1. Restricting to region 127-138, name every residue that is exposed (fewer than 10 other Cβ atoms within 10 Å of the Cβ) and not β-branched (V, I, T).
2. Counting just the residues of region 92-104 that are of a type in the set (F, W, Y) and buried (at least 16 other Cβ atoms within 10 Å of the Cβ), which one comes out nearest to the chain's Cα centre (by Cα)?
3. Report, by residue number, each residue of region 123-167 that is farther than 11 Å from F66 by Cα, in a helix (DSSP H, G or I) and acidic (D, E).
4. Report whether or not R146 is surrounded by 15 or more Cβ atoms within 10 Å (Cβ to Cβ) and closer than 16 Å to R62 by Cβ.
5. Of everything in region 138-162, what is farther than 18 Å from F94 by Cβ and out of contact with any helix residue (DSSP H, G or I) (no Cβ under 8 Å at 6 or more places or on another chain)? Give them in sequence order.
6. Assess whether T14 counts as being modelled with pLDDT of 95 or more and out of contact with any Lys or Arg (no Cβ under 8 Å at 6 or more places or on another chain).
7. Can you tell me which of D107, D89 is free of Cβ contacts under 8 Å to residues at least 12 places away in the same chain and surrounded by 12 or more Cβ atoms within 10 Å (Cβ to Cβ)?
Amino acid sequence: LGSSSGPKPASPQTGRDQPEPVVAINRNPWSQSIGISGRNGPECAGKMILVIIVATARELRRKSHFQRLAIATAALEFSRRKLIDEVSDELYGFKGEFIWPDGEPFDLPDIDDAFGGDGSFRWISDFIRFAEVAPYQHPQRRIIERLRMIDLYFRIAHPERARLIAE
């Protein structure tokens, strides 16, 4: 091996040579983060927990994010009602956790409340128009929850598109 004055090969610490599952959260704002329970999660031992990082209002108000989200939404070619049904099914059927970038839990709002109780969802048609015409101003704060729910849909159902939206 080497001379006695050279570095010695590292050996595992006593009692620490067995691999342990640890919580691993990828905090990229656009990605799905996967955590595997470890020492602090006995109720979930051996299960994979999917964690989605929720976009902040600042991210959602960027004109580029807004337009990319509109482009991705338009590409789905869903009717207004079908889009809301799909978003609702994905978000409320999601078995993982939603968290803010700082790690705090995010509670999903009611989808009808987020969309202003407008059963016709006409706003979606207006939103999708931005797929072809760049917005002149930042999205209004009153629509952030709508955008967040659509953005979460892509983070769950189409993570590859979500990465492109968040660039």
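1. Y136, Q137
2. Ranking the candidates gives F98 first.
3. Correct list: D126, E145, E160.
4. Yes: the conditions hold for R146.
5. Once the filter is applied, which keeps residues that are farther than 18 Å from F94 by Cβ and out of contact with any helix residue (DSSP H, G or I) (no Cβ under 8 Å at 6 or more places or on another chain), region 138-162 yields Q140, R142.
6. no
7. D89
The values are calculated or read from the model by the stated rules, or taken from the named source; none is laboratory data. Source: prediction; values computed, not measured. Reconstructed Cβ throughout: ideal geometry from the backbone, glycine too, with neighbour counts over all protein chains shown.
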